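K.L.:
For reference, the structure I am asking about is given below.
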């Protein structure tokens, strides 16, 4: 589920359709640029996505290759920027 400010929506795509894959990559990249916080689960832990590698389709949650999560192997939750208070 992704919170876009217009309510929730689910971003899913067919990995066999290049146009859907490209649109998903653009959406994830844009969300990170606009300050969305994206979180992924690995086992019992939740990690914040720091970057997204468009060429390799991995969420980067740290600074080493061991801290990368393939998009196809996880669900992500995103939260839009909001004012405090």
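The values are calculated or read from the model by the stated rules, or taken from the named source; none is laboratory data. On a predicted model such as this, the values are computed, not experimentally measured, just so you know. Every residue, glycine among them, receives a Cβ derived from its backbone with ideal geometry; neighbour counts consider all protein chains shown.
Results for (1) on the phi > 0 side of the Ramachandran plot; (2) touching a helix residue (DSSP H, G or I) at 6+ places or on another chain (Cβ under 8 Å); (3) modelled with pLDDT of 90 or more; (4) surrounded by 12 or more Cβ atoms within 10 Å (Cβ to Cβ), shown as yes or no for each residue.
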| site | (1), (2), (3), (4) |
| --- | --- |
| 6 | no, no, no, no |
| 15 | no, yes, no, no |
| 30 | no, no, yes, no |
| 34 | no, no, no, no |
| 38 | no, yes, yes, yes |
| 45 | no, no, no, no |
| 49 | no, yes, yes, yes |
| 52 | no, yes, yes, yes |
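K.L.:
Related question: Kindly evaluate residue 59 against the criterion of being surrounded by 11 or more Cβ atoms within 10 Å (Cβ to Cβ), over 8 Å from the mean Cα position of the chain (by Cα) and closer than 23 Å to residue 12 by Cβ.
P.N.:
no
K.L.:
Check residue 35 against each of (1) in a helix (DSSP H, G or I); (2) in contact (Cβ under 8 Å) with a residue 24 or more places away in the chain and name the one condition it does not meet.
P.N.:
(1)
K.L.:
In addition: Has the range 17-25 got any residue that is in contact with a helix residue (DSSP H, G or I) (Cβ under 7 Å, 6 or more places away or on another chain) and modelled with pLDDT of 90 or more?
P.N.:
Step one: filter the range 17-25 for residues in contact with a helix residue (DSSP H, G or I) (Cβ under 7 Å, 6 or more places away or on another chain), giving none.
No: zero hits.
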